[in-house]
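Asks: So that we are looking at the same thing, I have put the structure below in structure tokens.
The values are calculated or read from the model by the stated rules, or taken from the named source; none is laboratory data. Just so it is clear, the structure is predicted and the values come from calculations on it, not from any experiment. Because the Cβ atoms are built from the backbone with ideal geometry, glycine has one as well, and the counts that use them run over all protein chains shown.
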Amino acid sequence: MRKINGEEYKEYSLKTMWNVTAKMIQEKYFIEHQRDFNPFVDQEFNDARQARNAKRKNTSKHAREKKGECSGF
């Protein structure tokens, strides 16, 4: 996916856009048609969500490791 000026979006930005789009679609269909569905079953949406979850777990893991290093004093 490209920006208007022709540059590529960063990978994390694309994944964020996919997640926001999925949530907006879900809300739109619920409001307009009273349909409740899970757009994250779709592979593109699912990959974006898994990448975000992996980054969150990795960040929390590093925080715990750093906390353990500091407790040695």
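Asks: State all residues of segment 1-54 that are in a loop (DSSP other than H, G, I, E, B) and touching a strand residue (DSSP E or B) at 6+ places or on another chain (Cβ under 9 Å); if no residue qualifies, say none. Spell out the reasoning first.
Replies: Quick first cut of segment 1-54, residues in a loop (DSSP other than H, G, I, E, B) only: 1, 3-7, 9-10, 34-38, 42.
Selection gives 1, 9.
Asks: Consider segment 4-38. How many of its residues are among the aromatic types (Phe, Trp, Tyr) and farther than 26 Å from residue 55 by Cα? Quick ask: steps written out before the conclusion?
Replies: Within segment 4-38, the first condition is being among the aromatic types (Phe, Trp, Tyr), and the residues that meet it are 9, 12, 18, 29-30, 37.
Going one step further and asking which of them are farther than 26 Å from residue 55 by Cα, we end up with 29-30.
Total satisfying the criteria: 2.
Asks: Consider only pairs whose beta carbons are under 6 Å apart and that are at least six residues apart or on different chains; among these, list those whose first residue lies in segment 6-34 and is free of Cβ contacts under 8 Å to residues at least 12 places away in the same chain and surrounded by 11 or more Cβ atoms within 10 Å (Cβ to Cβ) and whose second residue is among the acidic types (Asp, Glu) and assigned to a loop (DSSP other than H, G, I, E, B).
Replies: 30/36
Asks: What are the residues in segment 41-54 that are more than 9 Å from the chain's Cα centre (by Cα) and at pLDDT 80 or above, if any?
Replies: Correct list: 54 only.
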